[in-house]
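K.L.:
For reference, the structure I am asking about is given below.
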Amino acid sequence: MVRRARRINRELAEIYPYAHPELDFRNPFELLVATVLSAQTTDLRVNQTTPALFAAYPTPEDMAAAVPEELEEIIRPTGFFRAKARSLLGLSQALRDDFGGNVPGRIEDLVKLPGVGRKTANVVLGNAFGVPGITVDTHFGRLVRRWKWTEQEDPEKVEAEICAIFPKSEWTMLSHRVVFHGRRICHSRKPACGACPIAPLCPAYGEGETDPEKAKKLLKYEKGGQPGQRLSPPPDYPGLPAPPLGAEQEAPAGS
C-alpha cells in the first residue's frame, strides 16, 4: 500500500506540476481569512468575494474594528455569513491584541483563534509559512479512503495516518495534488475513471465512468477547458482565470 501510495503521489506530481492553493491571497492574513470563509462554499465564491473584503479591511486592525453588519453584507455571498463574520471579528481582534497584528506561524497559536481548526491552520502554515502539513478537506479524505490509504473518517486520524506514509517534505504539495485530482477527475458521485491517468494504480477503478469519451466529458476546470477557481492564478497555471463576482455565466461548481 505504501509503495502504491507513493507512486500515485509521483504520478500526481507529473499530472499537476502547477498544483497550488485555490484561494487568492497576498499575505498570511488574507489566506487565513479566505480559508475561514471557504467553509461550506466553493473557493471560487470566496475568491469573488475577498477583493471587496480586503479593500475595506486590509489588516487585522481594520477588520477588528469593522461594523458587524457591514462585514456580514460583504461576505454574504459565501453563506453562513453571520457565523463567519463572528469568526473573522474574533480572530482579527485576537491577532491585534495577542500577536501584534501578525498571523502566528505555529499551529498551537493558530488553532486558538476563533473559527480556526487544524485544517485551516495547516493551509496557512503550508502555504504562507512553508511549514509542511496535510490538509484534510472533503476531497482529500474522500480520495485517500477511495485509494485505501486509510479507513479513518475523523480528519485528525486521517492526517496522522497519511503523514506516516509520506516524507514531511511532501505533505503540503501532496495535499494540493490530491485535492486537484478530486476536483478535476476523481469526483464524488461520478469519477471520470476512463480519463484518469492513475487508473492502473487505483483500487477503486470502475466506480465511475470507464468509457474514455464519456469520461472526458466529466473533466472539470483546466482538464475540461473551463475556468479555474482563482481570479489571480499563479503564472504557471495552464487554465483560465475565474470571472469576478457577477461576471460568470455558467461557472463550474467546486465539488
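K.L.:
For the stretch 140-175, give me each residue that is under 19 Å from the mean Cα position of the chain (by Cα), more than 18 Å from Cys186 (Cβ to Cβ) and of a type in the set (Phe, Trp, Tyr).
P.N.:
Trp171, the sole residue that qualifies.
K.L.:
While we're looking at this one, here's another question. Check Pro197, Pro235 and return the single one that is without any contact (Cβ under 8 Å) to a residue 60 or more places away in the chain and either open to solvent by 30 Å² or more (accessible area, probe 1.4 Å) or not β-branched (Val, Ile, Thr) (or both).
P.N.:
Values: Pro197 fails: without any contact (Cβ under 8 Å) to a residue 60 or more places away in the chain.
Sole residue among the options that is without any contact (Cβ under 8 Å) to a residue 60 or more places away in the chain and either open to solvent by 30 Å² or more (accessible area, probe 1.4 Å) or not β-branched (Val, Ile, Thr) (or both): Pro235.
K.L.:
Kindly evaluate Ala13 against the criterion of being farther than 30 Å from Thr59 by Cβ and among the small types (Gly, Ala, Ser). Break it down into steps so the answer makes sense when it comes.
P.N.:
Numbers: farther than 30 Å from Thr59 by Cβ: yes; among the small types (Gly, Ala, Ser): yes.
Criteria met by Ala13.
K.L.:
Could you list, ordered by first residue, the pairs with Cβ atoms under 9 Å in which the first is in the stretch 238-253 and hydrophobic (A, V, I, L, M, F, W, C) and open to solvent by less than 70 Å² (accessible area, probe 1.4 Å) and the second is modelled with pLDDT under 90 and part of a loop (DSSP other than H, G, I, E, B), at least 6 apart or interchain?
P.N.:
Sorted first by the residue in the stretch 238-253, then by its partner, the pairs are Ala242/Glu248; Ala242/Ala251.
K.L.:
If Arg189 satisfies every condition in (1) part of a helix (DSSP H, G or I); (2) among the basic types (Lys, Arg); (3) open to solvent by 30 Å² or more (accessible area, probe 1.4 Å) but one, which is the exception?
P.N.:
The failed condition is (1).
K.L.:
Looking at Leu91, Leu71, which one is at pLDDT 95 or above, in contact with a Pro (Cβ under 7 Å, 6 or more places away or on another chain) and more than 26 Å from Lys168 (Cα to Cα)? Steps first, please.
P.N.:
Numbers: Leu71 fails: in contact with a Pro (Cβ under 7 Å, 6 or more places away or on another chain).
Matching residue, one of Leu91, Leu71: Leu91.
K.L.:
Within the stretch 162-184, work out how many residues are hydroxyl-bearing (Ser, Thr, Tyr) and open to solvent by 20 Å² or more (accessible area, probe 1.4 Å).
P.N.:
Step one: of the stretch 162-184, the residues hydroxyl-bearing (Ser, Thr, Tyr) are 169, 172, 175.
Then drop every residue that is not open to solvent by 20 Å² or more (accessible area, probe 1.4 Å), which leaves 169, 172.
Residues that pass the stated criteria total 2.
K.L.:
Scanning the stretch 146-159 for residues that are out of contact with any helix residue (DSSP H, G or I) (no Cβ under 8 Å at 6 or more places or on another chain) and in contact (Cβ under 8 Å) with a residue 12 or more places away in the chain, which turns out most open to solvent (accessible area, probe 1.4 Å)?
P.N.:
Narrowing the stretch 146-159 to residues out of contact with any helix residue (DSSP H, G or I) (no Cβ under 8 Å at 6 or more places or on another chain): 146, 148, 154, 157.
Restricting the remaining residues to those that are in contact (Cβ under 8 Å) with a residue 12 or more places away in the chain gives 146, 148.
Numbers: Arg146: 32, Lys148: 125 Å².
For the stretch 146-159, the residue satisfying everything is Lys148.
K.L.:
When the stretch 38-88 is examined, which residues are found to be under 25 Å from Arg106 (Cβ atoms), hydrophobic (A, V, I, L, M, F, W, C) and crowded, with 20+ Cβ neighbours inside 10 Å?
P.N.:
Val46, Phe54, Met63, Leu88
The values are calculated or read from the model by the stated rules, or taken from the named source; none is laboratory data. What you are looking at is a predicted structure, and each value in this text was computed from that prediction instead of being measured. FYI the Cβ positions are ideal-geometry reconstructions off the backbone, even for glycines, and counts take in every protein chain you see. Surface areas here come from the heavy atoms of the whole protein model, side chains and all, with no ligands, DNA or RNA. Shrake-Rupley method; radii C 1.70, N 1.55, O 1.52, S 1.80 Å.
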